[in-house]
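Throughout, read-outs are computed from the coordinates displayed, never taken from laboratory work. On a predicted model such as this, the values are computed, not experimentally measured, just so you know. Here the Cβ is made from the backbone with ideal geometry for all residues, glycine too, and neighbour counts use every protein chain on show.
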Amino acid sequence: MILPIYAYGQPVLKKVAAPIGPDYPGLQDLIANMWETMYHAHGVGLAAPQIGLSIRLFVVDTTGYEKSKKEEEPQDAGIKKVFINAQILSEEGPMWSFEEGCLSIPYIRGEVERPPIVRIRYQDENFQEFEETYTGVNARVIQHEYDHIQGVLFVERLKPLKKRMIQRKLEDIRCGRIQAEYKMRFAAVR
Ligand code: NI
């Protein structure tokens, strides 16, 4: 089932999300719905707050991501994974800039600087625990989705000038004065 995506301005996007256990009601259906919603909107990641749930769950699929030659290292192969109760353990390396976008903030993209290497502990959909290191685009998407469960949006990480330039567009999104290519739930009524 395709779920509506909560738009910039929705309070749920600003909350630190809570951990969940295997007894979370309807979890496997919820995960299936998140995949369906993400693919329908052509996203590479989706976090539970974006569908209105303040829980520590996000999904990432970078397997369709177009790679440049130098990114074809084995550790940079695309991943398709469910991350539950994720905790970033460390971020390393010289900051690199990459253009990000977000399904909750349609039509806005911007360069964000983040460290290139991330070490993360999480549980998968069967609540098996993993501790893994990711780099490149995988790290980038994980960091972006992890921000969502911490209540942070990529627009908050843009340079001050760019932030000022998008203020009006953000206000349009908050008030629902946009037409997205997928169903959205806006914070304010027109
Ligand atoms: Ni996002």
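Scanning the chain for GluC sites (Glu not before Pro) lying in DSSP loops with no more than 14 further Cβ atoms inside 10 Å, the longest uninterrupted stretch between such sites is 73-180.
Loop-located trypsin sites (Lys or Arg not before Pro) across the stretch 1-105 with a Cβ neighbour count of 15 or fewer within 10 Å are K15, K67, with loop assigned by DSSP. Distance between the 7 Å Cα→Cβ label points at D29 and Q87: 3.1 nm. Contact order, relative form, for the chain: 28 percent (alpha carbon pairs under 8 Å, 6 or more residues apart, mean separation divided by residue count). For the residue pairs K14/K162; K80/K159; K81/K163; K14/K80; K14/K183; K15/K163, the alpha carbons lie more than 24 Å apart in K80/K159; K81/K163; K14/K80.
How much mean residue ellipticity at 222 nm does the chain get from its helices, if each DSSP H run of length 4 or more adds -39500 (n - 2.57) and you divide by all residues, to the nearest 500 deg cm²/dmol? Result for the chain: -6500 deg cm²/dmol, rounded to the nearest 500.
Test of understanding: in a Gaussian network model of the chain with alpha carbons linked when under 10 Å, which of N126, N138, N85 would top the mean-square fluctuation ranking? It is N126.
Computed about its Cα centre, the charge dipole of the chain is approximately 1120 debye, with only Lys, Arg, Asp and Glu carrying charge at their Cβ.
Converting phi to 3J(HN,Hα) with the Karplus coefficients 6.51, -1.76 and 1.60 and the offset θ = phi - 60°, the stretch 98-113 yields 8, 7, 10, x, 8, 5, 7, 9, x, 6, 10, 10, x, 6, 10, 9 Hz in sequence order, with x at every glycine or proline.
Using θ = phi - 60° in the Karplus curve 6.51 cos²θ - 1.76 cosθ + 1.60, the 3J(HN,Hα) couplings for the stretch 50-64 round to 6, 10, x, 10, 8, 10, 7, 9, 8, 10, 9, 9, 9, 5, x Hz; x is entered for Gly and Pro.
For the chain, a Gaussian network of Cα nodes joined below 10 Å ranks M95, M165, M38 by mean-square fluctuation, and the top entry is M165.
For the chain, a Gaussian network of Cα nodes joined below 10 Å ranks L158, L170, L57 by mean-square fluctuation, and the top entry is L158. Annotation for Y107 and M165: the two label points, set 7 Å from Cα along the Cα-Cβ direction, are 1.7 nm apart.
Considered as an equivalent ellipsoid built on the Cα gyration tensor, the chain has semi-axes of 24, 22, 15 Å, the largest given first. Full extension of the chain segment joining S97 with E132 gains 10.4 nm, where the gain is 0.36 nm per residue of separation less the Cα-Cα distance.
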